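None of the figures in this text is laboratory data; all of them are computed from the coordinates on show. Predicted model, so just to flag it, every value in this text is computed and none were measured. Here the Cβ positions follow ideal geometry from the backbone for every residue, glycine too, while neighbour counts run over all protein chains shown.
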Amino acid sequence: MNAERERRELRGLLADAGLSGSFLVRDLSTGAELGLDPDAEFPAASLAKLPLAVAVLGRIHAGSRHEGPGSEGSSREGRLDGSTLIDVPPGQVTSPGPAGLSRFRHPARIAIADLLYLSLAISDNAAADALFGLVPPAEVTRTMRAAGITGIAVRHPMRELVETPARRFDPEDVHLAHSLAIRSRTAGHGHPMPQLDVSRANSGSARAFVDLLQALWLPSRIPADVTAQVRALMAENLVRQRLAPDFSSDASKWSSKTGTLLHLRHEVGVVEHDDGGTFAVAALTESSVPAAIQPAAEAVMAQVARALHDQLREGGQGSW
């Protein structure tokens, strides 16, 4: 099958599922890559929790023998101790989510290191905002720039993601909020909703997130003790209905982070095969279907990402 036909077939699969998006798969051993519109910029949604973890862990490991973006930011802003307990009030309606601290009915004291786990493993918005209270968005973006990651911008905490029309509708009418989100987007990914406008929201491209994954898996300007802990946290991700079914097996390990906001569905991760092959994968998508639950669309996301991975493993390279 030639490249043009492969491109048409993958785009057709996405279109049939009501999706468009930015995909990139990179072989971390060779640097070869294959993608679909990998430089298109999208609102990052919960993918912003990944650079947040890098920045927080950089502050925790400040003063170690390693030098890098984490330690530079930490010495400027102040060191953190992962065992420090943070008071979290119950029912933080500013950072709601389907699971986690926003569902708590009683006050809790949780260590910074455990907030990191909750933020990445179950994508807990309230846990992430507790961390943003310690390491603000501007510092997270500085950490990315110091690491050489120029395509990821972190501009606001998670609580701003809930200030969308979806909050004003009853659950049975949430499809109306999705319709507004879908119909209001401009060709350049601008949007009247600031959470969906790439110039105002947390944002990034498939290429930028693959660059971050590469910096986490290979020697980079991020301290090694930071990258090791972020990789361990990503391996514990419990949100596994999207790309994980096509990348997890007895012969491979999938470590990832998802992001979801209205019609946006993302996942970025690394698959490590038992034969030594290691591939960074990023899939950032938006749906034209006004529905909150779309398992078929998530299956197609995984199918397209896996097809790009398999083609690259067989010797393909390039972007469409």
Of SER287, VAL271, GLY315, farthest towards positive along the dipole that unit charges on Lys, Arg, Asp, Glu beta carbons give the stretch 269-320: SER287
Added length on full extension, which subtracts the Cα-Cα distance from 0.36 nm per residue, SER20 to ASP81: 17.8 nm
Taking N as its residue count, the alpha carbon Rg of the stretch 218-320 over 2.2 N^0.38 Å: 1.14
Approximate spin-label separation SER248-HIS273, in nm, with each point projected 7 Å along Cα-to-Cβ: 2.0
Dipole axis of the stretch 194-252 (+1 Lys, Arg; -1 Asp, Glu on Cβ), positive-most option in GLN241, SER203, TRP217: SER203
Additional length obtainable on full extension of the chain from ARG240 to ARG8, 0.36 nm per residue less Cα span: 80.7 nm
